[in-house]
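Enquirer: Please see the structure below; I have some questions.
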Amino acid sequence: ITHPFLRDELRDAVRARLARADSLRGSDEVLEIASLGGLGLSFGGRRLQWEARKAVLLLLYLLQAGRLVALRDLLNGLWRERVQDNTVRVLINRARRMLAGIAEIRVEDEAAILDLEHPVAWDARTFEDSAMSAIANADPVRVEAALTLYTGEFLPDSDAPWAEEQRAHYENLYLALLDAAVELAESDTAKELAQARLEAWYGG
């Protein structure tokens, strides 16, 4: 603001700048999850640390299940072997520490509930939405765009039953995209390239 200025002009300028700062701050408060080809969590540009990878797996399971999961289902989904009953509660406490100030996981009526007010940007979910839309619309441009979002298998180092189910789901979606790319190719050259990519997937 330049001199001379009226008091109302100063007040409006300050209000506008505060609103701008709030909008920028709010846009950073996104929980970002990378789970294709590896594992990473960040919030507001800050990378989150965890005591155990299963704490992140618990978070993803809750997000995928609609933020409420029975404790017995967590036992079956996150562990292949039989574990003690309090193991889930120990894991929930670890996840709480990981998400301190961002989200809360509470236990009510033998169920784990995720309370999270911030938006979530999850690469696997973005890939799934893009793939489903591309296939439903039979759009070759969208198919190619969706293919680029698959950056590797889902949680490659996890052998939890739920993670393996999800891994197979995303791989099947990727394969469906590869098939769609062949079918929707708009030239012989494009079809040959798409076919070679599909064969490389089966051969790799």
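The values are calculated or read from the model by the stated rules, or taken from the named source; none is laboratory data. This is a predicted model, so every value here is computed, not measured. No Cβ is skipped: glycine too gets one built from the backbone with ideal geometry, and neighbour counts run over all protein chains shown. The protein model used for the area step is the full one, side chains on, heavy atoms only, and it has no ligands, DNA or RNA in it. Shrake-Rupley method; radii C 1.70, N 1.55, O 1.52, S 1.80 Å.
Enquirer: Can you tell me the length gained on complete extension of the stretch residue 190 to residue 108, counting 0.36 nm per residue apart and subtracting the Cα distance?
Expert: Answer, rounded to one decimal: 24.1 nm.
Enquirer: I need the shape label for region 78-118. Rule: rounded when a/c is under 1.5, else prolate if a/b > b/c, else oblate, with a, b, c from the alpha carbon gyration tensor. Spell out each step's value before the answer.
Expert: Numbers: a/c = 2.51, a/b = 1.81, b/c = 1.38.
Cα axes put region 78-118 in the prolate bin.
Enquirer: Hey, rough spin-label estimate for residue 157 and residue 72, points 7 angstrom out along Cα→Cβ, what's it come to in nanometres?
Expert: Taking the simple label geometry, residue 157 and residue 72 are separated by 3.3 nm.
Enquirer: Now, a different point. Taking the Cβ of residue 103 as the center, what net charge do the other residues with Cβ under 15 Å away carry, scoring Lys and Arg +1 and Asp and Glu -1?
Expert: Net charge around residue 103: +1.
Enquirer: When the scattering of the chain is computed by the Debye formula from its Cα atoms alone, each counted once and equally, what is log10 I(q)/I(0) at q = 0.10, 0.15, 0.17 Å⁻¹?
Expert: One equal scatterer on each Cα of the chain leads to -0.59, -0.97, -1.11.
Enquirer: Quick one: which of 30-36, 72-78, 193-199 comes out on top by average Cβ neighbours within 10 Å, and what's the full order, highest first?
Expert: On the way: 30-36: 20.0, 72-78: 16.9, 193-199: 14.6.
Peptide ranking by packing, descending: 30-36, 72-78, 193-199.
Enquirer: Using θ = phi - 60° and the Karplus relation 6.51 cos²θ - 1.76 cosθ + 1.60, list the HN-Hα couplings for region 129-136 in order, rounded to whole Hz, with x at every Gly or Pro.
Expert: Whole-Hz 3J(HN,Hα) from phi for region 129-136: 4, 5, 5, 4, 5, 4, 5, 4.
Enquirer: Using the Cα atoms as the points, what is the convex hull volume per residue of region 86-161 in Å³?
Expert: On the way: hull volume 11.8 nm³, N = 76.
So the per-residue hull volume is 156 Å³.
Enquirer: How much net charge surrounds residue 179 when only the other residues with a Cβ under 14 Å from the Cβ of residue 179 are counted, with Lys and Arg +1 and Asp and Glu -1?
Expert: -2
Enquirer: Net charge within 13 Å of residue 93 by Cβ-Cβ distance, Lys/Arg positive one each and Asp/Glu negative one each, not counting residue 93 itself? Intermediate values should be presented prior to the final figure.
Expert: Numbers: positive: 54, 89, 94, 96, 97, 106; negative: 51, 104.
The answer is +4.
Enquirer: Under the rule of at least 5 residues apart or a separate chain, name every residue whose amide H is placed under 5 Å from the amide H of residue 121.
Expert: 31, 32, 33
Enquirer: Ok, one more. Starting at the first residue of region 42-57, write each ³J(HN,Hα) from the Karplus equation 6.51 cos²θ - 1.76 cosθ + 1.60 with θ = phi - 60°, in whole Hz, x for Gly and Pro.
Expert: Listing the rounded values in order: 8, 9, x, x, 9, 6, 8, 10, 9, 7, 9, 4, 5, 5, 5, 4 Hz.
Enquirer: Calculate, for region 48-204, the solvent-accessible area per residue in square angstrom, rolling a 1.4 angstrom probe over the heavy atoms of the protein chains.
Expert: About 55 Å² of surface per residue is accessible.
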